[in-house]
Structure formats: C-alpha cells, structure tokens
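Written out below as structure tokens is the structure these notes cover.
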Amino acid sequence: MVSGIPVRIHATFVLLLVWIFGSHLARGQSLVQSLEGVVLILAVFLCVVLHELGHALTAKRYGVRTRDITLLPIGGIARLERIPERPSEEVAVAIAGPAVNVVIAIALGGALILTGGMARLAGSPAAIQGNFLAELLAINIFLVVFNLIPAFPMDGGRVLRALLAMRFEYVRATQIAASVGQGFALLFALVGLVTMNPILLFIAFFVFIGAGQEAASVQWRSAFDGIPVARAMIRDFRTLRGADPLSRAVELLLEGHQQDFPVVGDRPGDPPIGVLVRADLLTALASGRMDRRVDEVVRRDCGVAHPREMLDVVSQRMQEGRCPAVPVVSEEGVVVGMVTLENVGEFAMIQAALARGTRPAA
C-alpha cells in the first residue's frame, strides 16, 4: 500500500526474476553478478512503481481514484476508476508518469557527475555495461521515449486521444488513437520479423491488443453514458428463496429462459441475500444432491444494483467482481429487476444500432 493505493505483484513477475537470475548464471556469470542483475531489475520496477504513482497522484488531484497498481513482467498498470473529464486533465495524468522517469534520470545523471562516472562514460560509452547507475539511467530514458509513443496502452496514446478529443467526439478520438496505435504495432511486428527480434514481436502483440481493448472499452462505456439501470434491467424474472432445494432451481432453469436467479430470504418482503448463478448450480449438482438448500450455493458477494444507479458503473462492477448477474432493489428493499452481463451486452448492441441509424449520411 503506497499513499493509500494497493500495489500488487503478479505471480509472473516473480518468474521474471527467476529467469533473469538463471540467464545470468547460464552465461557463465558469477553468483554475485547474477544477483546484481536481479537487483537492477528490482530497481527498474521501483522506477515503474514511481511512474505509476505519478499517474495515480495526478489523477487524485482531479478527483479520480486509483483502484490499484499491478506489477507485470512488461511493466506496471495503474487502474483508474474513470478517465478524467477534461482532455487537458487526461494529458496531465498521462504525462505525469514519464515526467517521473525524467526526474529520476536527472537525479541519476547528477549522481554520475558527482561520482565521476559521467566522465568515464563520455570517454567510453561501452562502460555503461556493468555500471549500475548508468544502466538505470539508460533504462529510465528508454521508459520515457517508449511510453511517449502515440499508441495505446502507452501514455503517448492517451495523450494523442486527449488532444484529438479537443476536436472530435470522445469515442471517435479513441478510435483514431487506437488505429494509430495498431499501425505502430504492425510496424513493430514488421521490424521484429525482419530483425528476428522476439521482444519487438511481443511488444507489437501487446500494443495491438491494448489498442483494440481501449477502443472497445470506450465504445462500451459510451453506449451506457447517462443511462440508469432501470432502462436496461430485466423485469420478467423469477426468484428463489434461501430454503428452496436445488431441485426447484433446476425446474425454473428448464422451464424458462432465465439462467441466474435472485435469492431472497424465507419470509415475504425479505431483502435479497445473493444470486444463484447457473455455473454454481451445475457445480453443486455434480455432487448428486438435489435436496441441498439454495442458500448453501448462493453467491453473496455480488451486491445489488438500484434502479437510478448508472448502468456503466454497475456493469463495470459486475465485470470486476466476475458476477454475471445482480438483483435490482428498490428503496424499500424489494427486488424489482435483474441486470445480467448478457442483457447489458444486448442493450449495448441496440444502442449502437440506434446510433448508426441516426448518424447523418456522408
């Protein structure tokens, strides 16, 4: 936890450290040299954490919370709750990360000058190898240049999108920026194939997928902009009680189109206690017992939605919690509907079709 922001380390990051250590040993380097290689990588990722904190703390100035920072072998990801409202704010948030690396590079350069290392590097640039401060300086300069490439998911792509959003509608600006990013990805892939460079090919794949995901995500959110849950919720649904046996859930599953069921208490008017998800029902049935109570299988961590709540907020919460359905509850605590990821997707397709139908002809 740094400045109230959870910092998580992906399991594959540990594998990267093991691989770095093993590769140094495989090249005939000593144990100390191999450990130095691991320490350098840890220092690089400390710079990456500071980079992501630059994004997070700048976003906080504009009222945007950061959910967490995750360290991956390819770098770090700061998950913001939302995109800043103004394009100028998004530019500031995007630039803040590389700006941190610039400050780190200046500090490292100053340390090299004070220790006389910069003079040695000027005389022999090859001396950078094996010089911890010089290597870390070079890596931070690379991070600045790499992150400012105008391609999602790098910071430069977000800067480009923000600048385009000053002239175009936001979704259109994202589509243009994503296309530019995928163009860069194809260029990286071509160079990687010609030079037989697997790292460039990996970067090309990462950039191409990241650009596509960003465009799809913004398109998804725009379809729900300003739309309350009440407009998209399912109103024709069946509920289960906690004391009902699983056999009752099977009956309802077979007799209708509904796959997930809100589960309420055993007394009339009781609030929902969770949702019975089709996948969980099938897993429970694998034990061969149809007489188990529904409340033994119910998923209780999906929460509820409210009719006036914004659909984009609810759908994002469902995706992050991996909840395929949530009950919609009135102010009195009565279940008045359901929202499922399936019907949210259908609603998005309808909104997109309506948007195409009202778009003026070219």
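Where in the range 132-199 are there helices (runs of 4 or more DSSP H), lying wholly inside it, with at least 1 residues that are modelled with pLDDT under 85 and either touching a Leu at 6+ places or on another chain (Cβ under 7 Å) or not assigned by TED's automatic domain parsing to the domain that holds G210 (or both)? Can you show your working first?
On the way: elements: 132-147, 155-165, 170-195.
So the answer is 132-147.
Can you find a residue that is in contact with a strand residue (DSSP E or B) (Cβ under 6 Å, 6 or more places away or on another chain), assigned by TED's automatic domain parsing to the domain that holds L285 and touching a residue at least 24 places away in the same chain (Cβ under 8 Å) anywhere in the range 252-259? Walk me through it before giving the result.
From the range 252-259, those in contact with a strand residue (DSSP E or B) (Cβ under 6 Å, 6 or more places away or on another chain) are none; that's our starting set.
Within the range 252-259 (the criterion being in contact with a strand residue (DSSP E or B) (Cβ under 6 Å, 6 or more places away or on another chain), assigned by TED's automatic domain parsing to the domain that holds L285 and touching a residue at least 24 places away in the same chain (Cβ under 8 Å)), the answer is no, since none of the residues qualifies.
In the range 23-39, the condition of being modelled with pLDDT of 80 or more, assigned to a helix (DSSP H, G or I) and under 26 Å from A99 (Cα atoms) is met by at least one residue. Could you please find all residues in the range 20-42 being exposed (fewer than 15 other Cβ atoms within 10 Å of the Cβ) and within 26 Å of the chain's Cα centre (by Cα)? Across the range 20-42, the qualifying residue is only L42. For T70, the conditions (1) part of a strand (DSSP E or B); (2) among the hydroxyl-bearing types (S, T, Y); (3) buried (at least 20 other Cβ atoms within 10 Å of the Cβ) all hold with the exception of (3).
The condition (being closer than 30 Å to P271 by Cβ, touching a residue at least 40 places away in the same chain (Cβ under 8 Å) and either surrounded by 19 or more Cβ atoms within 10 Å (Cβ to Cβ) or touching a Gly at 6+ places or on another chain (Cβ under 9 Å) (or both)) is satisfied by just one residue among R248, R235, R158: R235. Among the residues of this structure, A284 does not count as one that is of a type in the set (A, V, I, L, M) and assigned by TED's automatic domain parsing to the domain that holds A177.
The values are calculated or read from the model by the stated rules, or taken from the named source; none is laboratory data. From a predicted model like this one, the values you see are computed outputs, not experimental measurements. FYI the Cβ positions are ideal-geometry reconstructions off the backbone, even for glycines, and counts take in every protein chain you see.
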